[in-house]
1. If a residue must be within 19 Å of Gly207 (Cβ to Cβ), open to solvent by 60 Å² or more (accessible area, probe 1.4 Å) and touching a strand residue (DSSP E or B) at 6+ places or on another chain (Cβ under 8 Å), how many such residues does the range 34-55 contain?
2. Evaluate the following for Lys71: is it open to solvent by 40 Å² or more (accessible area, probe 1.4 Å), more than 30 Å from Thr204 (Cβ to Cβ) and in a helix (DSSP H, G or I)?
3. Of all residues in the range 38-60, count the ones that are over 19 Å from the mean Cα position of the chain (by Cα), more than 25 Å from Ala23 (Cα to Cα) and assigned to a loop (DSSP other than H, G, I, E, B).
4. Phe78 is checked against (1) aromatic (Phe, Trp, Tyr); (2) touching a residue at least 40 places away in the same chain (Cβ under 8 Å); (3) out of contact with any helix residue (DSSP H, G or I) (no Cβ under 6 Å at 6 or more places or on another chain) and fails just one. What number does that condition carry?
5. Quick check: anything in the range 114-135 touching an Asp or Glu at 6+ places or on another chain (Cβ under 8 Å) and at pLDDT below 95?
6. Scan the range 185-204 residue by residue and report those that are touching a residue at least 40 places away in the same chain (Cβ under 8 Å) and part of a helix (DSSP H, G or I).
7. How about the range 128-185: which of its residues are more than 12 Å from the chain's Cα centre (by Cα) and aromatic (Phe, Trp, Tyr)?
Amino acid sequence: MPKRGKNYQEARKLYDRQELFEAGDALELVVKGAHAKFDETVEVHIKLGVDGRHADQQVRGAIVLPNGTGKTKKVLVFAKGPKAQEAEEAGAEYVGAEEMADKIKNENWFDFDVVIATPDMMGVVGRLGKILGPKGLMPNPKSGTVTMDVAKAIEETKAGKVEYRLDKTNIIHTPIGKVSFGREKLEQNFNALLEAIIKAKPSTAKGQYLRSVTVASTMGPGVKVNPAKIG
């Protein structure tokens, strides 16, 4: 086990690590325990009672958090003609087609946080699957990033849209804001995210759906939320 810093150790003393808290109380502990010299991101880690290896038990989607994420995201849009112009007018940092794909492929260029594409460009974007996929950057219709309405997709991204998806261990990791948001705004974002994930429950999922829910800041310890008190 790596040795934890003094601030981390102090934050751990604020509560019993095994105790289950209501969401608002857990987030208050996360805020109190954050001592980094930067505005730490607050993340939610949700273990679900599904088996993501089966297509009918995948849980994936996107939601615009009511208070945003506290981070300005750079957007890359793959589009041509009028849709490229629409993307530029909507505030996308980068807009292009094959030349953007070549830049990513040949120059290892990743100066963007979100990729949006019109459906006709997926032939070009698809060739980047092995590069964008592992970084979670591949556009997907379920998350609203493969669309003809590029202006709306850009607007939602800038407003604080986050994607949620299962990792290989059936856990979802999603940011819900910054420590500076305080308890109330973080709790609003937390509730919006959990509501979306509960709605996305696959009909084939059996048993307890929310197995465990933990909130933590970038440098702080996790605080457990009582799954029975959610939804």
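1. 1
2. Working: open to solvent by 40 Å² or more (accessible area, probe 1.4 Å): yes; more than 30 Å from Thr204 (Cβ to Cβ): yes; in a helix (DSSP H, G or I): no.
Criteria not met by Lys71.
3. The total comes to 3.
4. Phe78 satisfies all of (1) aromatic (Phe, Trp, Tyr); (2) touching a residue at least 40 places away in the same chain (Cβ under 8 Å); (3) out of contact with any helix residue (DSSP H, G or I) (no Cβ under 6 Å at 6 or more places or on another chain) except (3).
5. In the first step, residues of the range 114-135 are kept if they are touching an Asp or Glu at 6+ places or on another chain (Cβ under 8 Å); the result is 124.
Going one step further and asking which of them are at pLDDT below 95, we end up with none.
Within the range 114-135 (the criterion being touching an Asp or Glu at 6+ places or on another chain (Cβ under 8 Å) and at pLDDT below 95), the answer is no, since none of the residues qualifies.
6. Lys185, Leu186, Glu187, Gln188, Asn189, Phe190, Asn191, Ala192, Leu193, Leu194, Ala196, Ile197, listed by residue number.
7. Residue satisfying the conditions is Phe181 alone.
The values are calculated or read from the model by the stated rules, or taken from the named source; none is laboratory data. Just so you know, these numbers come straight off a predicted model, no measurement behind them. In this analysis, Cβ positions are derived from the backbone assuming ideal geometry, glycine residues included, and neighbour counts consider all displayed protein chains. The protein model used for the area step is the full one, side chains on, heavy atoms only, and it has no ligands, DNA or RNA in it. Shrake-Rupley method; radii C 1.70, N 1.55, O 1.52, S 1.80 Å.
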